[in-house]
Amino acid sequence: MDNTEKTLIAFLAGAAAGALTGLLLAPDSGEKTRKKLGKNIDTWKDELETTWDKTALKISDLTDSVLEDLDGYSKKVADNIKN
């Protein structure tokens, strides 16, 4: 498991723990609590989307790098076979 996966898991666990704590200790009425949760969920959603986009970009970059390396190795192998 790499750092990005660990960060994402930690973020989701923290968000869930925070939401549960907020519900249990909420001094506000149910309506106010639901509004606060709605705002927090929107924030968490935005942060999760940002993390997802960054992770997808890293994966894409790594994939491109691996494909370039494989192309280079295959050319070397082909050259060695010709010689």
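The values are calculated or read from the model by the stated rules, or taken from the named source; none is laboratory data. Quick caveat: nothing in here was measured; it's all calculated off a predicted structure. Neighbour counts run over all protein chains shown; Cβ positions are idealised from the backbone, glycine included.
Being under 22 Å from Asn3 (Cβ atoms) and not hydroxyl-bearing (Ser, Thr, Tyr) narrows it down to one residue among Gly22, Gly14, Gly30, Gly38; which is it?
So the residue among Gly22, Gly14, Gly30, Gly38 that is under 22 Å from Asn3 (Cβ atoms) and not hydroxyl-bearing (Ser, Thr, Tyr) is Gly14.
Condition (residue is at pLDDT below 75 and out of contact with any Gly (no Cβ under 9 Å at 6 or more places or on another chain)) applied to region 1-12: is it met by at least one residue?
Within region 1-12, one or more residues are at pLDDT below 75 and out of contact with any Gly (no Cβ under 9 Å at 6 or more places or on another chain).
Please specify each residue of region 20-51 satisfying the condition of being over 23 Å from Ile9 (Cβ atoms) and part of a helix (DSSP H, G or I).
Correct list: Leu25, Gly30, Glu31, Lys32, Thr33, Arg34, Lys35, Lys36, Gly38, Lys39.
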